[in-house]
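Comments concern the structure below.
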Amino acid sequence: MKRCTPYLVMRHKRLACYREASRQRLHKRKRGSKSNGYVRPGEIIKAPTAINLIQPNGVELVKFLKAISQTVLTQKKATRLDFKETRSLHVAGAILLFAELDRIIKLSDLQKPVTIIDPRQLRPREVLKQIGIYQLTGDSSDVIPAREDVIFWKATKGSSQTGDAIGKILEYVAERANRDHIKQVELSGIWRGVSEAVANTVDHAYIKPRNDKFCGLEDTKWWMFTQVRNSSFSAAVCDLGCGYRATINMTIPEIFRTKWKQILTGKSNDVVAIRTAMEYGRSGTHEGFRGKGSRDALSVLEKHGTGTLYVISNTGWISYDYAKGVEVNFKSGNLGIDIGGTIIWWTLPLKDE
């Protein structure tokens, strides 16, 4: 065998060192957390792969929305939102995206502040079309939503504090889902509670400006998604107000706030504020199913007897599960980032004939 020359030995050593350094760099990139990365504003802003509020997706989504706001409203530059790698949109994340894009576009002085780059996959394109994202940005899309888990969603928005402006959604979802007469009557009862909760949300959401000084739009106070599918009704309402933590001192007596702060020792301020607002109606009024404050949202679940309620406000969230009129599960947690608003989301089964 021919021996290597000193030149070849040195060359092989250099190649080995180069390959090892490349492996180390690749290894570090894989271990890094994308959720803590800064989303840089610019001409093209890349959307998260999952539009969701569960960690770490929620951190990525909020940073994505802040980058859009900074580019369009602060730097006053048009931007393109790159959804090519987006694969899924979940209810809470999608309604926050819908609301924030609507806010940013309405506040901008640019002729066309936001343009959409389509997702590669068909399902997220259908979702963006169904919930009206293309309509908000003024982009065209030839996709026709056809998936069963997409076509029954209806998106709307309004400013009415009475909830009257959302009355027509009931007929829409009932007709689209082809519900029978009994289920439509049942849905009408649910809708009254949802309308009260929407009215209450608007009453308190914009009493104070949120952290970025935004204090509401004149023509839009709330954004809503609704769906009736597979004998189940879902409704999610979003506002971009200051949240429970900022208003609880004005709406709930100090003695009650102190009590729940002691009970929920160790929980975040937002979780304490949401839970206190929910429990004040139950413990403070002593009147069956009378909504007081955000208690209206939980009253919907109590009256129906079975279902799930999620309440997300700023950095905290809570959830209730009911079965046969009894609370069977309660959870709470921290999002890891401030969403700058409140989302109330019900999922209620509809009874068969």
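The values are calculated or read from the model by the stated rules, or taken from the named source; none is laboratory data. All of these numbers come straight from a predicted model, not from anything done at the bench. Cβ atoms come from the backbone with ideal geometry, glycine included; neighbour counts cover every protein chain shown.
If the condition is being in a loop (DSSP other than H, G, I, E, B) and under 24 Å from K221 (Cβ atoms), then the stretch 314-353 contributes N314, T315, L335, I337, D338, I339, G340, G341.
Do we find a residue being in a strand (DSSP E or B) and crowded, with 19+ Cβ neighbours inside 10 Å anywhere in the stretch 122-142? There is no residue in the stretch 122-142 that is in a strand (DSSP E or B) and crowded, with 19+ Cβ neighbours inside 10 Å.
Report yes if R87 is surrounded by fewer than 23 Cβ atoms within 10 Å (Cβ to Cβ) and farther than 23 Å from N211 by Cβ, otherwise no. For R87, the condition - surrounded by fewer than 23 Cβ atoms within 10 Å (Cβ to Cβ) and farther than 23 Å from N211 by Cβ - is met.
Given the criteria under 21 Å from T276 (Cα atoms), at pLDDT 85 or above and among the hydrophobic types (A, V, I, L, M, F, W, C), does C215 qualify? Taking the combined requirement at face value, the residue does not satisfy it.
With respect to being closer than 19 Å to S313 by Cβ and not hydrophobic (A, V, I, L, M, F, W, C), D212 fits the description.
Restricted to the stretch 192-219, and to residues there that are of a type outside the set (D, E, K, R) and either assigned by TED's automatic domain parsing to the domain that holds R103 or touching a Cys at 6+ places or on another chain (Cβ under 6 Å) (or both), the residue that is surrounded by the fewest Cβ atoms within 10 Å (Cβ to Cβ) is P209. Cβ-Cβ distances below 7 Å connect the following pairs, each with a first residue in the stretch 99-121 that is in contact (Cβ under 8 Å) with a residue 24 or more places away in the chain and buried (at least 21 other Cβ atoms within 10 Å of the Cβ), a second residue that is among the basic types (K, R) and in a helix (DSSP H, G or I), and a separation of six or more residues or different chains: P119/R125. For the stretch 107-127, the tally of residues that are in contact with an Asp or Glu (Cβ under 8 Å, 6 or more places away or on another chain) and under 25 Å from L73 (Cα atoms) stands at 4. For the stretch 227-278, residues that are farther than 23 Å from N334 by Cα and among the aromatic types (F, W, Y) total 1.
Of the numbered criteria (1) buried (at least 16 other Cβ atoms within 10 Å of the Cβ); (2) at pLDDT below 90; (3) closer than 25 Å to L65 by Cα, the one A165 fails is (3).
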